[in-house]
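Below: the structure, in structure tokens.
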């Protein structure tokens, strides 16, 4: 494939995902994809450091992705790590050990840049005719918010309200109390409203879309159709208010039996739902699910450059 392709390796909490697209093509039609499962949520110690076993798992996943790309003749791949690695206390050690083990230097994007890329992905998915968009992305460590009425976001923020972090900091028990859930909701509402400030009233009128696995799973839980109909799915705040108390009284093993809730994310499901409910309270009450997210925004950014780019040029383009 060589310089006729461009790829992104997205190393997150639950997987390392490789996606490769032909230059001049679309993320809708990848020529190569590969996923290695990870469980970094289990590999964070009490001090916020990734364990040696977790680092070894990351290195093995990157090495596997490198083997896949070499076998297929793919050379232009941007390897980036999300907040599960970026925000770890030993992030520099993780990057160094992965580089020495695999030859690949994982890159970090700022939360604001991730928000901008999620917005770009949603804008390309819906098109200019969709009008002003507000884009919400709930990750494990952070929540990204972006909005605009053109090709690029005019508002982009990142908040430490991710489902993993809120579970660790607020809902540490398997069955959290109603008081802790209410406290988390108030905290999330305050953080979001403080961040939006005078823009809140305006943004409530925007078309709101969600670009994350957390939101897709919650939409499925609330009765939306399976992934093949992702572009048509919605998530309403009233559905979340119905489901949050139901989720809260179930242990994670039982949550994983519900539609849409994966076993890997069951522990974080309550916190993710509470944060989503707070967001939708502010952003007008409902959202549509967009199947594209930060990874696709990265690919689109690289594809927008007609000439092949590698190394420092690739980092400069996406920075």
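The values are calculated or read from the model by the stated rules, or taken from the named source; none is laboratory data. Fair warning: this is a prediction, and the values are worked out from it, not measured in the lab. Using ideal geometry, Cβ is built from the backbone for each residue, glycine included, and neighbour counts are taken over all protein chains shown.
Observations on the structure shown:
- Residue 48 being touching a residue at least 40 places away in the same chain (Cβ under 8 Å), surrounded by fewer than 16 Cβ atoms within 10 Å (Cβ to Cβ) and within 22 Å of the chain's Cα centre (by Cα): yes
- A count restricted to the stretch 278-288 and to residues that are more than 17 Å from the chain's Cα centre (by Cα) and assigned to a helix (DSSP H, G or I) stands at 4.
- Search result, residues across the stretch 67-97 that are more than 22 Å from the chain's Cα centre (by Cα) and within 13 Å of residue 16 (Cβ to Cβ): 67, 68, 69
- As a summary of the residue check, residue 80 satisfies the conditions (1) modelled with pLDDT under 95; (2) not assigned by TED's automatic domain parsing to the domain that holds residue 235 except for the one numbered (1).
- When the test is whether a residue is buried (at least 17 other Cβ atoms within 10 Å of the Cβ) and closer than 26 Å to residue 201 by Cβ, residue 134 passes it.
- When 200, 174, 151, 144 are screened for being within 19 Å of residue 81 (Cα to Cα) and touching a residue at least 12 places away in the same chain (Cβ under 8 Å), only 144 passes.
- Scope the stretch 186-197; condition in contact (Cβ under 8 Å) with a residue 12 or more places away in the chain and surrounded by fewer than 18 Cβ atoms within 10 Å (Cβ to Cβ); matching residues: 187, 189, 191, 193, 195
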